[in-house]
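All remarks here apply to the structure that follows.
The values are calculated or read from the model by the stated rules, or taken from the named source; none is laboratory data. As the structure is a computational prediction, the values presented were derived from the model and not from experiment. For neighbour counting, all protein chains shown are included, and Cβ atoms are generated from backbone atoms with ideal geometry for every residue, glycine included. Heavy atoms of the whole protein, side chains included, go into the accessibility calculation; ligands, DNA and RNA do not. Shrake-Rupley method; radii C 1.70, N 1.55, O 1.52, S 1.80 Å.
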Amino acid sequence: MKISSAVQHKIYTLDTIKKQLAVWHMLQKKVVFTNGVFDVLHHGHIASLTEAASHGDILIVAVNGDASVKRLKGPNRPINNENARVLLLANLLLVDAVIVFTDDTPLQLIQNILPDVLVKGGDYSIEQIAGAADVIAAGGKVILANMVNNVSSSIIINAMQQK
């Protein structure tokens, strides 16, 4: 899949995001991190990303890789492969950086990035959030985002399969 140069600069590897983080820190930017599968992007995702972005200057979105999604959600997921999900997120104006992680949780990625703010959906407790202890220990904050009721990729996919 060809990715336009307009969004290519928003798609990172661990090595490239570490270099960019140095620039953002030098510019005293507050870095916010959130993560998820983002399969079948919906208005609940947009609400969550908008809330996350409101807590800082730079929003990094980490996306579960395809193998990780299959392990977590089952063999029929994801519906959209990681390249498509990354491309959709990179095209959102409120997203500054997108990175794929292959583990079941983004713990190692969070430990490498150590964002100023870690945001996860309100369906988690802080104790359940991968990397929360590391962010707090480094002086950062963990925020539970408001959830949009009765909307999720799984609900949408199930509804489509029943039609």
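Are there any pairs with C-beta distances below 7 angstrom linking a residue in the range 105-127 that is touching a residue at least 12 places away in the same chain (Cβ under 8 Å) and within 17 Å of ILE58 (Cα to Cα) to a residue that is open to solvent by 60 Å² or more (accessible area, probe 1.4 Å) and of a type in the set (D, E, K, R), with the two at least 6 apart or on different chains, and if so which?
Matching pairs, first to second residue: ASN112/LYS18; ASP116/LYS30; VAL117/LYS30; VAL117/LYS141.
Do you know which residues across the range 100-122 are among the charged types (D, E, K, R) and buried (at least 20 other Cβ atoms within 10 Å of the Cβ)?
Residues satisfying the conditions are ASP116, LYS120.
Residue check, VAL135 against (1) at pLDDT below 95; (2) outside any loop (DSSP other than H, G, I, E, B); (3) over 15 Å from the mean Cα position of the chain (by Cα), all met but one. Which one?
Every listed condition holds for VAL135 apart from (1).
For a quick check of your reading of the model, give me the residue pairs whose first member lies in the range 54-69 and is over 14 Å from ALA97 (Cα atoms) and among the β-branched types (Val, Ile, Thr), whose second is open to solvent by 10 Å² or more (accessible area, probe 1.4 Å) and outside any helix (DSSP H, G or I), with beta-carbon atoms closer than 7 Å and at least 6 apart or on different chains.
From the range 54-69, the pairs are VAL69/VAL37; VAL69/ARG77; VAL69/PRO78.
Pull up the range 89-99, narrow it to residues that are surrounded by fewer than 20 Cβ atoms within 10 Å (Cβ to Cβ) and of a type in the set (A, V, I, L, M), then point me to the one that is nearest to VAL32 (Cα to Cα).
Going residue by residue through the range 89-99, those that are surrounded by fewer than 20 Cβ atoms within 10 Å (Cβ to Cβ) are 91-94.
Among the residues that remain, those that are also of a type in the set (A, V, I, L, M) are: 92-94.
On the way: LEU92: 15, LEU93: 15, LEU94: 11 Å.
Here the residue is LEU94.
Here's the yes/no breakdown for (1) over 16 Å from the mean Cα position of the chain (by Cα); (2) among the β-branched types (Val, Ile, Thr); (3) under 23 Å from VAL135 (Cα atoms):
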{"site": "THR16", "(1), (2), (3)": "yes, yes, yes"}
{"site": "LEU27", "(1), (2), (3)": "yes, no, yes"}
{"site": "LEU41", "(1), (2), (3)": "no, no, no"}
{"site": "LEU49", "(1), (2), (3)": "no, no, yes"}
{"site": "ILE58", "(1), (2), (3)": "no, yes, yes"}
{"site": "ASN83", "(1), (2), (3)": "no, no, no"}
{"site": "LEU93", "(1), (2), (3)": "no, no, no"}
{"site": "THR105", "(1), (2), (3)": "no, yes, yes"}
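Assess whether LYS18 counts as being open to solvent by 10 Å² or more (accessible area, probe 1.4 Å), on the phi < 0 side of the Ramachandran plot, in a loop (DSSP other than H, G, I, E, B) and in contact with a helix residue (DSSP H, G or I) (Cβ under 9 Å, 6 or more places away or on another chain). Working first, answer last.
Details: open to solvent by 10 Å² or more (accessible area, probe 1.4 Å): yes; on the phi < 0 side of the Ramachandran plot: yes; in a loop (DSSP other than H, G, I, E, B): no; in contact with a helix residue (DSSP H, G or I) (Cβ under 9 Å, 6 or more places away or on another chain): yes.
Taking the combined requirement at face value, the residue does not satisfy it.
Count, please, the residues in the range 51-88 that happen to be crowded, with 19+ Cβ neighbours inside 10 Å and among the hydroxyl-bearing types (Ser, Thr, Tyr).
Final tally of qualifying residues: 1.
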